[in-house]
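Novice: After the C-alpha cells below, expect a handful of questions from me.
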Amino acid sequence: TPLRVATTPYERDLPHVKHVGLLGAVHHLRAARRAGHDDALFVDRTGAVSEGPTWNIGFVRDDRVHWPDAHALPGVTMRLLADEFGHTTARVTPADLTDVDAAFATNAVTGVRPLSRIDHTPLATDHPLLDRLTRHHDRLPDEAL
C-alpha cells in the first residue's frame, strides 16, 4: 500500500556509507508512526529532502524521475532504476512538493512503493511512470547469493 510519511529534520552519520548506525533513523521512524504516519522522510539542515530511514525517495515531475540532490545512501535499487530511467537530480524541499506529480520509496525489500502523502500534501499513487518503475523492478533478475 502507498506510504504516508512525515518530514523530520535529520541527517544520518556518513550518509553515503551503508552501516548499522540506525538509532537516529529508527527513532524518527517510530516517532512518525506514533504520530499516525507510516514512515519518516528526512530533511537536511539546508531544508532539502534526502531519504527515508531505510529507503531512497524518487520524485516524478514532467514524466521524469528526479532523485534528491542531497546527501543520502545511494541504494542498489535506486541505482538499478536510475540506470533505466535516468540520473536526473534536483534539490527538493517540502515547499516544492506541490510541483511534484508523484513520489515513491525504493529499497531492496519493497521495490517501488508509491507515497500517497508527505506531511499534508497528497500525492498521486496512480501515475503511469510509477507503474513502469514497478514493472521494471519486478523484471530485474535475481542475483544468486
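The values are calculated or read from the model by the stated rules, or taken from the named source; none is laboratory data. Since this is a predicted model, take the numbers as computed values, not measurements. Neighbour counts are summed over all protein chains in view; Cβ atoms, including those assigned to glycine, are modelled from backbone coordinates with ideal geometry. Calculation scope for accessible area: heavy atoms of the full protein, side chains included, ligands and nucleic acids excluded. Shrake-Rupley method; radii C 1.70, N 1.55, O 1.52, S 1.80 Å.
Novice: Only one of these conditions is not met by D119: (1) open to solvent by 30 Å² or more (accessible area, probe 1.4 Å); (2) within 23 Å of L23 (Cα to Cα); (3) touching a residue at least 40 places away in the same chain (Cβ under 8 Å); (4) within 13 Å of the chain's Cα centre (by Cα). Which number is it?
Specialist: For D119, the exception is condition (4).
Novice: Counting only residues that are out of contact with any Ser or Thr (no Cβ under 8 Å at 6 or more places or on another chain) and not in a strand (DSSP E or B), which one in the range 59-69 is surrounded by the fewest Cβ atoms within 10 Å (Cβ to Cβ)?
Specialist: Once the filter is applied, the top-ranked residue is D62.
Novice: Hey, can you tell me all the residues within the range 2-20 that are open to solvent by 60 Å² or more (accessible area, probe 1.4 Å), touching a residue at least 24 places away in the same chain (Cβ under 8 Å) and outside any strand (DSSP E or B)?
Specialist: E11, H16, K18
Novice: Restricting attention to the range 1-44, which residues are charged (D, E, K, R) and farther than 19 Å from P122 by Cβ?
Specialist: Across the range 1-44, the qualifying residues are E11, R12, D13, K18, R30, R33, R34, D44.
Novice: N56 passes all but one of (1) open to solvent by less than 20 Å² (accessible area, probe 1.4 Å); (2) in contact with a helix residue (DSSP H, G or I) (Cβ under 9 Å, 6 or more places away or on another chain); (3) over 26 Å from D13 (Cα atoms); which number fails?
Specialist: So N56 meets the others, but not (3).
Novice: With A72, A105 as the choices, which residue is assigned to a loop (DSSP other than H, G, I, E, B), touching a residue at least 24 places away in the same chain (Cβ under 8 Å) and surrounded by 22 or more Cβ atoms within 10 Å (Cβ to Cβ)? Lay out the reasoning, then the answer.
Specialist: Working: A105 fails: assigned to a loop (DSSP other than H, G, I, E, B).
Only one candidate passes the filter, namely A72.
Novice: I'd like the full set of residues that are touching a residue at least 24 places away in the same chain (Cβ under 8 Å), over 23 Å from P2 (Cα atoms) and either touching a Leu at 6+ places or on another chain (Cβ under 7 Å) or open to solvent by 40 Å² or more (accessible area, probe 1.4 Å) (or both), limited to the range 21-45.
Specialist: Once the filter is applied, which keeps residues that are touching a residue at least 24 places away in the same chain (Cβ under 8 Å), over 23 Å from P2 (Cα atoms) and either touching a Leu at 6+ places or on another chain (Cβ under 7 Å) or open to solvent by 40 Å² or more (accessible area, probe 1.4 Å) (or both), the range 21-45 yields L22, R45.
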